[in-house]
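Q: Sharing a structure here in structure tokens format.
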Amino acid sequence: MTIEEQFSERLAQLRLEKGVSAREMSLAIGQCDNYINAIENKKNLPSMTGFFYICEYLEITPQKFFEFENKNPYKLDEIISYLKYLSPEELEHLTAFFKSITKKK
């Protein structure tokens with residue numbers, strides 16, 4: 001898969017997670033109503049400025065946008081926010097748990 005295809009799919013995935021239509025997102029970032037649709041359909045790519053507006057709208061950093069293996073960055077950020085308050089012992093237990101469930105895949 002090309003980077004352009006990954007970009008288009010990632011944009012659609014993040015937009016759907018946010019629960020907004022392509023038209024709604026396009027208008028919210030100050031573009032014509034089919035702007036996001038054209039990107040998702042691989043007919044166009046955004047300018048660098050456009051990409052930053054997309055990231056701002058999606059409330060995601062550019063770095064996280066390109067972490068294609070991270071299928072749900074919003075949920076991962078939420079989990080990380082909780083982990084910050086755990087004790088070292090609690091973190092050890094969770095680490096062991098995650099190791100045990102990821103070995104099964």
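Q: With segment 57-105 as the region, which helices (runs of 4 or more DSSP H) entirely inside it contain at least 3 residues that are over 30 Å from Q31 (Cβ atoms) and aliphatic (A, V, I, L, M)? Please lay out each step first, then the result.
A: Details: elements: 62-65, 73-83, 88-102.
In segment 57-105, 73-83, 88-102 are the helices (runs of 4 or more DSSP H) which contain 3 or more residues that are over 30 Å from Q31 (Cβ atoms) and aliphatic (A, V, I, L, M).
Q: Which count do you get for residues in segment 1-35 that are in contact with a helix residue (DSSP H, G or I) (Cβ under 9 Å, 6 or more places away or on another chain) and within 21 Å of N70 (Cα to Cα)?
A: Summing the residues that are in contact with a helix residue (DSSP H, G or I) (Cβ under 9 Å, 6 or more places away or on another chain) and within 21 Å of N70 (Cα to Cα) in segment 1-35 gives 12.
Q: Turning to a different aspect of this structure: Scan segment 10-62 for residues that are touching a Cys at 6+ places or on another chain (Cβ under 8 Å) and over 18 Å from L76 (Cα atoms) and report the count.
A: Taking segment 10-62 first, the residues touching a Cys at 6+ places or on another chain (Cβ under 8 Å) are 26, 61-62.
Filter again for over 18 Å from L76 (Cα atoms), leaving 26.
So the answer is 1.
Q: Now for a separate question. Touching a Lys or Arg at 6+ places or on another chain (Cβ under 8 Å), of a type in the set (V, I, T), surrounded by 12 or more Cβ atoms within 10 Å (Cβ to Cβ) and outside any loop (DSSP other than H, G, I, E, B): which single residue out of I36, I54 fits that description? Write out each step before concluding.
A: Details: I54 fails: touching a Lys or Arg at 6+ places or on another chain (Cβ under 8 Å).
Going through I36, I54 in turn, just one is touching a Lys or Arg at 6+ places or on another chain (Cβ under 8 Å), of a type in the set (V, I, T), surrounded by 12 or more Cβ atoms within 10 Å (Cβ to Cβ) and outside any loop (DSSP other than H, G, I, E, B): I36.
Q: Ok, one more. Is there a residue in segment 12-22 that is touching a residue at least 60 places away in the same chain (Cβ under 8 Å), loosely packed, with under 14 Cβ neighbours inside 10 Å and within 15 Å of the chain's Cα centre (by Cα)? Steps first, answer last, please.
A: As a first pass, look at segment 12-22 and keep what is touching a residue at least 60 places away in the same chain (Cβ under 8 Å): none.
Taking every residue of segment 12-22 in turn, none turns out to be touching a residue at least 60 places away in the same chain (Cβ under 8 Å), loosely packed, with under 14 Cβ neighbours inside 10 Å and within 15 Å of the chain's Cα centre (by Cα).
Q: Against the condition on the phi > 0 side of the Ramachandran plot, in the same structural domain as R23 (by TED's automatic domain parsing) and surrounded by 13 or more Cβ atoms within 10 Å (Cβ to Cβ), how does K64 come out, does it pass?
A: Working: on the phi > 0 side of the Ramachandran plot: no; in the same structural domain as R23 (by TED's automatic domain parsing): yes; surrounded by 13 or more Cβ atoms within 10 Å (Cβ to Cβ): yes.
Criteria not met by K64.
Q: While we're on this one: Note down all Cβ pairs under 6 Å where the first residue falls in segment 77-105 and is over 28 Å from L14 (Cβ atoms), the second is part of a helix (DSSP H, G or I), and they're at least six residues apart or on different chains.
A: Once the first residue is over 28 Å from L14 (Cβ atoms) and sits in segment 77-105, no partner that is part of a helix (DSSP H, G or I) comes close enough.
The values are calculated or read from the model by the stated rules, or taken from the named source; none is laboratory data. What you see is a predicted model, and the numbers here were worked out from it, not measured in a lab. Neighbour counts are summed over all protein chains in view; Cβ atoms, including those assigned to glycine, are modelled from backbone coordinates with ideal geometry.
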